[in-house]
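Worksheet for the structure shown next.
Quick note: the coordinates plus some simple rules give every number you see, no bench work behind them. In this text the structure is predicted, and so the values were computed from the model without any measurement.
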């Protein structure tokens with residue numbers, strides 16, 4: 001059964017809503033700023049791509065504010081928009097609640113909430129720890145919060161496997177729809193990991209961008225020779241994935257088909273990817289096989305493109321191996337250049353960006369592309385969006401633990 005996207009919802013560093021995300025992508029804007037969620041002090045990297053002016057109190061009951069992490073209201077806002085966009089009730093009647101499953105990807109879950117509970121414990125003792133410290137810190141609670149909020153009684157699962165989390169969540173949602181397990185799945189990814197502890201950890205790993213604190217807009221620069229690391233991002237990127245026949249019977253518009261999914265593991269290292277990129281290539285090949293499409297039909301790739309030295313070079317190699325002589329002809333761009341690296345939600349961010357580009361007739365650019373790198377020699381759609389209407393797109397993702405995952409999107413005629 002073909003699985004199609006019938007609704008989109010976004011909370012991004014460009015602001016609330018799909019339209020804000022679309023506008024930022026089309027304009028090739030940078031959402032990176034100096035960190036405001038905490039005082040960065042003397043951190044080597046003091047910039048991030050935060051959701052601007054987001055107020056959890058506007059989206060949660062007062063009693064729930066101290067009980068959950070920032071990821072929960074971010075997810076609720078994006079999910080509500082996606083459901084409404086798909087023509088689904090946000091307070092569904094009992095007879096259809098079981099038709100909707102929830103499969104979400106996140107890397108860190110409510111990391112901010114967990115950090116606060118540890119701080120309370122070590123500073124003040126157990127009596128100052130929130131009674132929801134354990135339940136709300138469990139990463140798997142993210143999907144439950146959405147199921148509880150909207151009353152969905154279908155499966156409620158979280159995939160958490162680093163940067164590929166939301167790509168894998170979309171892939172698992174695709175399998176559920178294809179098998180006929182669920183006619184509708186709310187899927188995508190969410191992340192809210194711009195915390196002092198996370199930033200200190202990434203700086204300690206030397207993975208975060210340095211040298212750009214005085215020019216935050218320029219800090220994320222995938223594939224440019226002067227790149228120095230990634231910019232941490234956040235947000236929620238949700239979609240309603242639905243059996244095509246079910247969607248047609250409901251009479252709702254369709255954005256695109258999620259046509260294929262593939263995943264592999266380098267089995268190489270906890271952090272570093274294998275230097276030959278072979279398993280990343282194979283993940284894309286498996287996604288195309290799942291979609292029943294040859295590599296010759298790919299006319300756009302949304303790249304993982306983190307702006308780290310190793311990722312960008314190895315991912316370029318993987319694409320070259322996949323496309324062969326066409327590699328330099330097929331445009332491929334990095335959404336993270338604009339919105340930073342939302343970790344486990346980054347795959348969903350790329351999928352939504354690609355769907356919007358396919359619908360609106362443009363390719364999102366790779367901004368801050370300043371100095372060509374001889375080892376990164378593809379067409380990265382540098383600095384400005386480009387008019388185009390891709391028919392078959394790959395969304396690639398690479399993560400810690402040697403993980404590789406890819407999604408294939410196919411354009412759908414009205």
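Spread over its residues, the convex hull of the C-alpha atoms of region 257-336 is 99 Å³ per residue.
Out of all DSSP beta bridges with both ends in the chain, state the antiparallel percent to the nearest 5. Antiparallel: roughly 70 percent of the beta bridges in the chain.
Compared with the direct C-alpha span, the chain from residue 215 to residue 268 gains 15.6 nm at full extension, assuming 0.36 nm per residue. Reducing region 225-242 and region 1-75 to their Cα centroids gives an inter-centroid distance of 10 Å.
Given only helices, namely DSSP H runs of n ≥ 4 each adding -39500 (n - 2.57), what is the per-residue ellipticity at 222 nm of the chain, to the nearest 500 deg cm²/dmol? Theoretical 222 nm ellipticity from helices: -10000 deg cm²/dmol.
Taking every DSSP bridge with both residues inside region 3-250, close to 60 percent are antiparallel. According to the square roots a ≥ b ≥ c of the eigenvalues of the Cα gyration tensor, what is the shape class of the chain, taking rounded for a/c under 1.5, prolate for a/b larger than b/c otherwise, and oblate for the remainder? Note, shape of the chain comes out oblate. Taking a ≥ b ≥ c as the square roots of the eigenvalues of the alpha carbon gyration tensor, region 258-411 is rounded, as a/c is under 1.5. Full extension of the chain between residue 1 and residue 179 yields a length gain of 63.3 nm, computed as 0.36 nm times the residue separation minus the alpha carbon distance. Give the shape of region 3-250 as rounded, prolate or oblate, defined through the alpha-carbon gyration tensor: a ≥ b ≥ c are the square roots of its eigenvalues, a/c under 1.5 means rounded, and otherwise the shape is prolate if a/b is larger than b/c and oblate if not. Oblate is the answer for region 3-250, as a/c is 1.5 or above yet b/c matches or exceeds a/b. Expressed to the nearest 5 percent, the antiparallel share of DSSP beta bridges inside region 258-411 is 75 percent.
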